[in-house]
Amino acid sequence: MATHRSCALWSYCGLRWLRVMRCCPFPGFRSSWPRGPLGVRHLSQEKQATETHFGFETVSEEEKGDKVYHVFESVAKKYDVMNDMMSLGIHRIWKDMLVWKMHPFPGTQLLDVAGGTGDIAFRFLNYVEAQHKGKLKRQLRAQQNLSWEEIARKYQNEEDPLGSSRVVVCDINKEMLKVGKQKARAQGHKAGLAWVLGDAEELPFDDDKFDVYTIAFGIRNVTHINQALQEAHRVLKPGGRFLCLEFSQVNNPLVSRLYDLYSFQVIPVLGEVIAGDWKSYQYLVESIRQFPSQEEFKEMIQDAGFEKVTYESLTSGIVAIHSGFKL
């Protein structure tokens, strides 16, 4: 009888202690008990925590990374041609606008993430070279008494046409980087350009290293967007700028209907005809619909620590340029 009372007392005290610890934990103490019957693990919650989307398909986070890698490995060689076909060439204007918005100055250190084929990097290099040459011309014009020989000598002595500007292209996909390097050689880009194999969620760079971080049509393919944004914030110098060009939410009902029709009925067919890959372009279309709206993505950028966050919708919101600063 005494034993029965003792067990009942211990059981009662144990339950009271469990309730206290759940409701009023000590400062700094993290309870390891599950929120349910003692000993029962909420497997469904753990499963949900590791699941994400691959287009409209639900997959594990690890599986998404592999699938995205294979998508871009498959389309790398036809990536630029398909961009022209899918957007009717408008993607070139969008990318030009991203660099114009950046307005880099001579000496700018740029990190272009998910930039494998080099579209943003080459535009950046052309822009800063033009800026630097324009500055040199203005300086020479201001010096009225220079002879022809002195002017020629100044141009000849110009060792760095980029004004110390540099761009690092970082991409997780080897095939995309391979295509980018081939394009760089074909276009004559050598100076001020580096290629790095790396993950947007775990960048292989030191803190406070770059003046500008860009990512164009890449962040929606990242498994953990918040982590990629935090990494962008980490590698930027104080005063550095984050710029993202990405598909977004169309704000015109008529354009939205036409855009959906074109996206789902035409783009996968183009992918099959030109790149021999229907599934990859079906995923790309679906991934656009899964990406947050302009306002939602703005909040995510702010949550990562950026300030003065703004966005500009282009082509009725088909794409948007988001901007933020590390202050």
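For region 294-310, enumerate the residues that are surrounded by 15 or more Cβ atoms within 10 Å (Cβ to Cβ), more than 15 Å from the chain's Cα centre (by Cα) and in contact (Cβ under 8 Å) with a residue 40 or more places away in the chain. The one that is surrounded by 15 or more Cβ atoms within 10 Å (Cβ to Cβ), more than 15 Å from the chain's Cα centre (by Cα) and in contact (Cβ under 8 Å) with a residue 40 or more places away in the chain: GLY305.
In the set (1) within 18 Å of HIS233 (Cα to Cα); (2) in a strand (DSSP E or B); (3) touching a Cys at 6+ places or on another chain (Cβ under 9 Å), LYS308 fails one condition alone, (3).
Matching residues to (1) buried (at least 16 other Cβ atoms within 10 Å of the Cβ); (2) in a helix (DSSP H, G or I):
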| site | (1), (2) |
| --- | --- |
| ASP208 | no, no |
| ILE215 | yes, no |
| LEU245 | yes, no |
| ARG257 | no, yes |
| PHE264 | no, yes |
| VAL269 | no, yes |
| ILE274 | yes, yes |
| TYR281 | yes, yes |
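Selection of region 162-177 for residues being among the basic types (Lys, Arg) and either in contact with a His (Cβ under 8 Å, 6 or more places away or on another chain) or within 13 Å of ASP199 (Cβ to Cβ) (or both) yields only LYS174. ARG220 falls short on exactly one of the conditions (1) at pLDDT 95 or above; (2) over 18 Å from GLU307 (Cα atoms); (3) assigned to a helix (DSSP H, G or I), and that condition is (1).
What's the total number of residues in region 153-184 that are part of a helix (DSSP H, G or I) and modelled with pLDDT of 65 or more? Looking only at that region, the number is 11. Residues in region 173-206 that are open to solvent by less than 20 Å² (accessible area, probe 1.4 Å) and of a type outside the set (A, V, I, L, M): ASN173, GLY180, GLY192, GLY198.
Test TYR127 against the criterion of being hydroxyl-bearing (Ser, Thr, Tyr), under 23 Å from LYS181 (Cα atoms) and without any contact (Cβ under 8 Å) to a residue 40 or more places away in the chain, and give yes or no. Yes: the conditions hold for TYR127. Restricting attention to region 118-141 and to residues that are at pLDDT 70 or above and open to solvent by 80 Å² or more (accessible area, probe 1.4 Å), the residue that is nearest to the chain's Cα centre (by Cα) turns out to be ASN126.
The values are calculated or read from the model by the stated rules, or taken from the named source; none is laboratory data. Small disclaimer: the values here were computed from a predicted structure and weren't measured. Cβ coordinates were reconstructed from backbone atoms using ideal geometry, including for glycine residues, and neighbour counts include every protein chain displayed. For the accessible areas, the whole protein counts, side chains as well, though only heavy atoms, and no ligand, DNA or RNA atoms are used. Shrake-Rupley method; radii C 1.70, N 1.55, O 1.52, S 1.80 Å.
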